[in-house]
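I have placed the structure first, in the form of structure tokens, so that the comments after it can refer back to it.
The values are calculated or read from the model by the stated rules, or taken from the named source; none is laboratory data. On a predicted model such as this, the values are computed, not experimentally measured, just so you know. Neighbour counts are summed over all protein chains in view; Cβ atoms, including those assigned to glycine, are modelled from backbone coordinates with ideal geometry. These area figures cover heavy atoms from the full protein model, side chains too; ligands, DNA and RNA do not enter into them. Shrake-Rupley method; radii C 1.70, N 1.55, O 1.52, S 1.80 Å.
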Amino acid sequence: MSHEDVLNPKHMPHDPEKATLEGKNKFLAFWFFLGGETVLFASLFGTYIALNSSTAGENTPEHLFGLELVFLMTMMLLTSSLTSVYAMYHMKNHDFRKMQTWLAITVLLGLAFLGCEIYEFLHYIHEYEFTFGSSAFASAFYTLVGFHGGHVLFGLSWIVTLMIRNQKRGLNLYNAPKFYIASLYWHFIDVVWVFIFTVVYLMGKVG
Amino acid sequence: MANSSHSKPTRQMEYEKKQHKEEMKQQVITFVLMILFTFVAFGMVIMEVNSYFVIPTLIILAIVQVAFQLYYFMHMKNKGHNMPALMMYGGAAVAGLTIITFSSIIWW
């Protein structure tokens, strides 16, 4: 059996993302990376929690934040997490078309989220003159939320690249781990967002 | 399993498909619960529930929601996830320490 045949079995194994040694290695290494990302975001959260009362003026969290938009963004990201679960469900059933479709829906929701975030930042800048250098709170806020937005952008580019690159290849044991890991990354983005909407927006409104 | 790489018995395939469907059902339930938690969290803040318990409750809701995300959506409840659990709990422990350190450095 040639290398190609090994990667394209007639029937997908139960866990196509972990069927090859490369897949197993990617799986472990990626979780290691996510552990590191947790610490990275913790340092940004720690900074934010320590500095969010240093507002240097009336642009306080309570004054700035509007919960309607944040609620909408939360729903978009949470739903996109479910749609990527659907994509992985179809991957395990070896249905490449459906997996691509659900990934496309995930990407659209992610783009909508990103659009809302850009609108939010622009709104703060133009309506409140609340910029990166306005106060310690402003720097900590833009760094934390912007870093998360950067992750969303990276995740979107990652998924889109995978979709385009593998469009004609179909699903096999070579790219299944790639898709699986990209979906893990997407879920992790939602994990971080749960803490952002809780710590930054909701706790900011409670005061 | 000598023939596992060529052809899997259809019964095995059917069984796996059913298993995947069962897992998907659990994940949809998880999603509904997560939406529910989000509604409760936002509802408490929008309706200005005035109590010492608001912030602890918000944090607990967030932690439960993240646990759902990790264990169901990211499959940490499945077999073969001991290392991922070690990584994530290790990460979470250092994360907690980092937050305590940063806040105490500035406010002590």
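Could you grab me the full set of residues in segment A:37-50 that are open to solvent by 40 Å² or more (accessible area, probe 1.4 Å) and not hydroxyl-bearing (Ser, Thr, Tyr)?
Of everything in segment A:37-50, those that are open to solvent by 40 Å² or more (accessible area, probe 1.4 Å) and not hydroxyl-bearing (Ser, Thr, Tyr) turn out to be A:VAL39, A:LEU40, A:ILE49.
Note on segment B:68-81: residues that are assigned to a helix (DSSP H, G or I) and open to solvent by less than 40 Å² (accessible area, probe 1.4 Å) amount to 3.
Considered as a group, the residues in segment A:28-57 that are more than 8 Å from chain B (Cβ to nearest Cβ), at pLDDT 95 or above and farther than 19 Å from A:PHE195 by Cβ include one that is farthest from the chain's Cα centre (by Cα), and that residue is A:ALA29.
For A:PHE71, are the conditions met, namely being modelled with pLDDT of 90 or more and at the interface with chain B (Cβ under 7 Å from one of its Cβ atoms)?
So A:PHE71 fits the description; yes.
The helices (runs of 4 or more DSSP H) located wholly in segment A:134-207 that include 2 or more residues which are modelled with pLDDT of 95 or more and either open to solvent by 10 Å² or more (accessible area, probe 1.4 Å) or of a type outside the set (A, V, I, L, M) (or both) occupy A:136-165, A:176-195.
For A:HIS123, indicate whether it is within 14 Å of chain B (Cβ to nearest Cβ) and not aliphatic (A, V, I, L, M). Against the criterion (within 14 Å of chain B (Cβ to nearest Cβ) and not aliphatic (A, V, I, L, M)), A:HIS123 does not qualify. In segment B:82-100, the residue that is least open to solvent (accessible area, probe 1.4 Å) out of those that are among the β-branched types (Val, Ile, Thr) and at the interface with chain A (Cβ under 7 Å from one of its Cβ atoms) is B:THR98. Taken together, the residues in segment A:80-100 that are under 18 Å from the mean Cα position of the chain (by Cα) and open to solvent by 30 Å² or more (accessible area, probe 1.4 Å) amount to 1. The residues of segment A:153-193 that are touching a residue at least 40 places away in the same chain (Cβ under 8 Å) and within 24 Å of B:LEU58 (Cα to Cα), listed by number, are A:TRP186, A:HIS187, A:PHE188, A:ILE189, A:ASP190, A:VAL192, A:TRP193.
When you look at B:MET44, is it open to solvent by less than 40 Å² (accessible area, probe 1.4 Å), on the phi < 0 side of the Ramachandran plot and in a loop (DSSP other than H, G, I, E, B), yes or no?
In short, no.
Would you say B:VAL28 is assigned to a helix (DSSP H, G or I) and modelled with pLDDT of 95 or more? Give the steps one after another, and end with the answer.
Values: assigned to a helix (DSSP H, G or I): yes; modelled with pLDDT of 95 or more: yes.
Spelling it out, B:VAL28 is indeed assigned to a helix (DSSP H, G or I) and modelled with pLDDT of 95 or more.
Residues that are more than 9 Å from every other protein chain (Cβ to nearest Cβ) and assigned to a helix (DSSP H, G or I) were ranked within segment A:10-23; the one that is surrounded by the most Cβ atoms within 10 Å (Cβ to Cβ) is A:GLU17. Being open to solvent by 20 Å² or more (accessible area, probe 1.4 Å), among the hydroxyl-bearing types (Ser, Thr, Tyr) and over 30 Å from A:HIS14 (Cα atoms): is that true of A:THR60 here? It is true that A:THR60 is open to solvent by 20 Å² or more (accessible area, probe 1.4 Å), among the hydroxyl-bearing types (Ser, Thr, Tyr) and over 30 Å from A:HIS14 (Cα atoms).
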